[in-house]
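A.B. asks: Can you read through this structure? Questions will come right after.
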């Protein structure tokens, strides 16, 4: 189950890097879809990187940053670095 989870996390990061917030939103859990719209996701990401001088240039799945399940439903927690010209941010992807 870990390889599909890694693929999913990388896909989510790639969609954020491509500013394809609608397709990134498609990968969210039903609970997060109720909390975030594609526009809210976009605003959240743009605020997160606003101190930088440009967009996210690439997403990098940090395979050494895998955490064991924190909740009973979790399969794995994964860390995806989001790099820009002059910033570094990240998202944690929790796969259930």
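A.B. asks: Take the conditions in contact with a helix residue (DSSP H, G or I) (Cβ under 7 Å, 6 or more places away or on another chain), in a strand (DSSP E or B), surrounded by 11 or more Cβ atoms within 10 Å (Cβ to Cβ) and at negative phi and apply them to residue 78. Does it pass?
C.D. replies: When the stated conditions are applied, residue 78 passes them.
A.B. asks: What do you reckon, is residue 26 surrounded by 12 or more Cβ atoms within 10 Å (Cβ to Cβ), without any contact (Cβ under 8 Å) to a residue 40 or more places away in the chain and within 20 Å of residue 7 (Cβ to Cβ)?
C.D. replies: Yes.
A.B. asks: Moving to a separate point now. I'd like the residue in the range 3-35 that is at pLDDT 95 or above and not in a helix (DSSP H, G or I) and, out of all such residues, is nearest to residue 59 (Cα to Cα).
C.D. replies: Per the stated criteria, the residue is 18.
A.B. asks: Still on this model: Are there any pairs, at least 6 apart or on different chains, whose C-beta atoms fall under 7 Å, with the first in the range 68-96 and free of Cβ contacts under 8 Å to residues at least 24 places away in the same chain and the second part of a loop (DSSP other than H, G, I, E, B) and surrounded by fewer than 12 Cβ atoms within 10 Å (Cβ to Cβ), and if so, which?
C.D. replies: Filtered contacts from the range 68-96: 77/70.
A.B. asks: So, one more: Out of contact with any strand residue (DSSP E or B) (no Cβ under 9 Å at 6 or more places or on another chain), surrounded by 12 or more Cβ atoms within 10 Å (Cβ to Cβ) and in a helix (DSSP H, G or I) - does that describe any residue in the range 45-62?
C.D. replies: Scanning the range 45-62, I find at least one residue that is out of contact with any strand residue (DSSP E or B) (no Cβ under 9 Å at 6 or more places or on another chain), surrounded by 12 or more Cβ atoms within 10 Å (Cβ to Cβ) and in a helix (DSSP H, G or I), so the answer is yes.
The values are calculated or read from the model by the stated rules, or taken from the named source; none is laboratory data. All values reported here derive from a predicted model rather than from experimental measurement. Note that each Cβ is placed from the backbone with ideal geometry, even for glycine, and that neighbours are counted across all protein chains shown.
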